[in-house]
Amino acid sequence: MATSPRFVPRRLLGRTGFAVTALGVGDVADRAIPLQTCVRTVERALDFGLNLVDTAPNYEDGYSEQIVGAALRARRRASVFLIDKIDHPAQPVAPQVAASLDRLGLPAVDLFVFHAVSTVAAWEALVAPGGPFAQLAACVRRGQARFRGISSHHPDVLARAIPSGLCDVVMFPIGPFVHPRYVNEILPLARAHGVGSVCFKTFGAGKLLGDSRGYNQPLDGVSGRAPVAPRLPRLTVADCVRYTLTVDPDVALLGMSSPEEQDQALEAAEAFEALPPDQLATVAQRAAVAVRGKGACHWDPPEP
């Protein structure tokens, strides 16, 4: 696969000074697949021009970090913005950072974010004096990362985090089926404060594309079995990618764990033309139908 002129760095990621491509590489890890096969999948996306990669310790229990580290060590590290996560904020931060860097086989990453900070109480605990954010700042001073941030599944948390001055980048849901506050409030707030936005849930954890409860989990069948189900309403990869790129976060983070998934997503992005408002609304309406009967969408806060 040749590098595409469509995927050249187009804007700075907040105040990081790093120019990013519109798409980023999300969680690529499956322990049923050999390590080198997974590594080649990441390399394939990077060969196409994508320049942001996201990983986390709890993605297949460290396997994602091993894959990403192997893909970046040889020849790509300086040209790729690497995000890793801290999964357990109630535990000391420094040992978690050290363990992640060890699995990556790298001396540092660009950004560590606290993973899934989705209650206001959790945010307040992070920023308490001497708390996890202060501990992460010490890791930054030691050169183990350059920037700090959070990922979150609640607009109330993001509305506090973005103006705080503590987050260089925030990660949150953007796609055809997300709470409207993410699009109408949080994304403009990030832009106004110079905070980078790296967004996930373009495909609604897979619910928008198939008969799934999310993340390749088939809908439950009778007695715990999963027989072939009737074809439920769904969107296409192109629908989802075009919607997300129209809404325009700094980076749309896509899980592209196979060449086939990569090809569909990249082809949709190459052919991208912004949706007019009426078509944007139509895709959102279709998405609301497509998620019905497929379980809770944990990335949307409950309505009061």
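Of all residues in the stretch 142-159, how many are within 21 Å of Arg15 (Cβ to Cβ) and surrounded by 19 or more Cβ atoms within 10 Å (Cβ to Cβ)?
10
From the list Ala192, Ala138, which residue is in contact with a helix residue (DSSP H, G or I) (Cβ under 9 Å, 6 or more places away or on another chain), in contact (Cβ under 8 Å) with a residue 40 or more places away in the chain, among the small types (Gly, Ala, Ser) and surrounded by fewer than 17 Cβ atoms within 10 Å (Cβ to Cβ)?
Within the list Ala192, Ala138, the selection yields Ala138.
How many residues does the stretch 277-291 contain that are more than 12 Å from Leu209 (Cα to Cα) and either assigned to a loop (DSSP other than H, G, I, E, B) or not hydrophobic (A, V, I, L, M, F, W, C) (or both)?
Summing the residues that are more than 12 Å from Leu209 (Cα to Cα) and either assigned to a loop (DSSP other than H, G, I, E, B) or not hydrophobic (A, V, I, L, M, F, W, C) (or both) in the stretch 277-291 gives 5.
Taking into account only those residues within the stretch 268-304 that are exposed (fewer than 14 other Cβ atoms within 10 Å of the Cβ), touching a residue at least 12 places away in the same chain (Cβ under 8 Å) and acidic (Asp, Glu), which is farthest from His179 (Cα to Cα)?
Glu270
Looking at the structure I just gave you, is Ala94 under 18 Å from the mean Cα position of the chain (by Cα) and closer than 30 Å to His193 by Cα?
Numbers: under 18 Å from the mean Cα position of the chain (by Cα): no; closer than 30 Å to His193 by Cα: yes.
Against the criterion (under 18 Å from the mean Cα position of the chain (by Cα) and closer than 30 Å to His193 by Cα), Ala94 does not qualify.
Restricting to the stretch 133-189, give me the number of residues that are touching a Lys or Arg at 6+ places or on another chain (Cβ under 6 Å) and part of a helix (DSSP H, G or I).
Matching residues across the stretch 133-189 total 2.
If I go through the stretch 231-270 residue by residue, how many of them are more than 30 Å from His193 (Cβ to Cβ) and among the hydroxyl-bearing types (Ser, Thr, Tyr)?
Of the residues in the stretch 231-270, 3 are more than 30 Å from His193 (Cβ to Cβ) and among the hydroxyl-bearing types (Ser, Thr, Tyr).
From the list Ala134, Ala128, Ala122, which one is at pLDDT 95 or above and under 18 Å from Met171 (Cα atoms)?
Working: Ala134 fails: under 18 Å from Met171 (Cα atoms); Ala128 fails: under 18 Å from Met171 (Cα atoms).
Only one candidate passes the filter, namely Ala122.
For the stretch 195-239: of the residues being of a type in the set (D, E, K, R) and on the phi < 0 side of the Ramachandran plot, which is modelled with the highest pLDDT? Give the derivation first.
Taking the stretch 195-239 first, the residues of a type in the set (D, E, K, R) are 201, 207, 211, 213, 220, 225, 231, 234, 239.
Those left that are additionally on the phi < 0 side of the Ramachandran plot: 207, 211, 213, 220, 225, 231, 234, 239.
Working: Lys207: 93, Asp211: 86, Arg213: 74, Asp220: 63, Arg225: 43, Arg231: 70, Arg234: 92, Asp239: 96.
By that ranking, first place goes to Asp239.
Please name all residue pairs, on different chains or six or more residues apart, with Cβ atoms under 6 Å, provided the first residue is in the stretch 69-86 and is in contact (Cβ under 8 Å) with a residue 60 or more places away in the chain and closer than 15 Å to Asp168 by Cβ and the second residue is among the acidic types (Asp, Glu) and not in a helix (DSSP H, G or I).
Phe81/Asp110; Ile83/Asp54
Please go through (1) under 15 Å from Pro249 (Cα atoms); (2) of a type outside the set (Val, Ile, Thr); (3) under 14 Å from the mean Cα position of the chain (by Cα) for Arg10 and return the number of the only condition it doesn't satisfy.
Failing condition for Arg10: (3).
The values are calculated or read from the model by the stated rules, or taken from the named source; none is laboratory data. Quick caveat, the model's predicted, so the values are computed rather than measured. For neighbour counting, all protein chains shown are included, and Cβ atoms are generated from backbone atoms with ideal geometry for every residue, glycine included.
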